[in-house]
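**Student:** To start, I am sharing the structure in question, which I have written as structure tokens.
Here, each number is a calculation from the coordinates, and none is a lab measurement. Everything quoted here is computed from the prediction, not taken from an experiment. Heads up, the Cβs are rebuilt from the backbone with ideal geometry, glycines too, and the neighbour counts pull from every protein chain shown.
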Amino acid sequence: MYKHFFKRFLDFILSLIGLVINPLLVLFAVRGFAGFSADTPSIIEYAGIEMKEFPMGVTTILGKKIAYSGGGYFRLLPYSKIKSIISARDYNMTYFHLRDFDKEQSRQLTLRYFKNYYGINSAMDKFNRLHTDFEFINISQANEEIYWPTVPVIKL
């Protein structure tokens, strides 16, 4: 029963954002979750359902794994470091929120102020350089180019 509910729930959520690849599901993980540490395309199997995963790439800086290609760390790291990391990898997934580039947004003075706003003034320039220096494809193209029978399967 839960397996059927889980699949219907995912189908519904994905349809809300206009993403339907039937009968396969695509799940975008931003922060990861317990038991999952891959940073290359993988298959996640849960309750008999398989989902394709296109995770953010991670790198280790000062002993800490970070997602270098989106959001706060993209704004924090110098472009030369991001370019070096991306150049050294075969797979890179980027993920951005519109707020990552919105210099005019109202700012909330909270404990997360630094994380939310540091580097926002230069983020669009950095993004434009990234777009100029590298060739990107969309998720549908990536789905077609990946040879899925050879990727890791993570059973949760």
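**Student:** Per residue, how much space in cubic angstrom lies within the convex hull of the C-alpha atoms of segment 78-156?
**Tutor:** Cα-based convex hull of segment 78-156, divided per residue, equals 159 Å³.
**Student:** State the extension gain, in nm to one decimal, for the chain segment bounded by I61 and E104, taking 0.36 nm per residue of separation less the distance between their alpha-carbons.
**Tutor:** 12.4 nm is the gain from fully extending I61 to E104.
**Student:** Estimate the FRET efficiency between F134 and L111 by the formula 1/(1 + (r/R0)^6), using the beta-carbon distance for r and 30 Å for R0, to the nearest 0.05.
**Tutor:** E(calc), rounded to 0.05, equals 0.30.
**Student:** Quick check on my link table: of K81/K115; K52/K81; K83/K155; K126/K155, which ones sit more than 27 Å apart, alpha carbon to alpha carbon?
**Tutor:** Over 27 Å apart, Cα to Cα: K52/K81; K83/K155; K126/K155.
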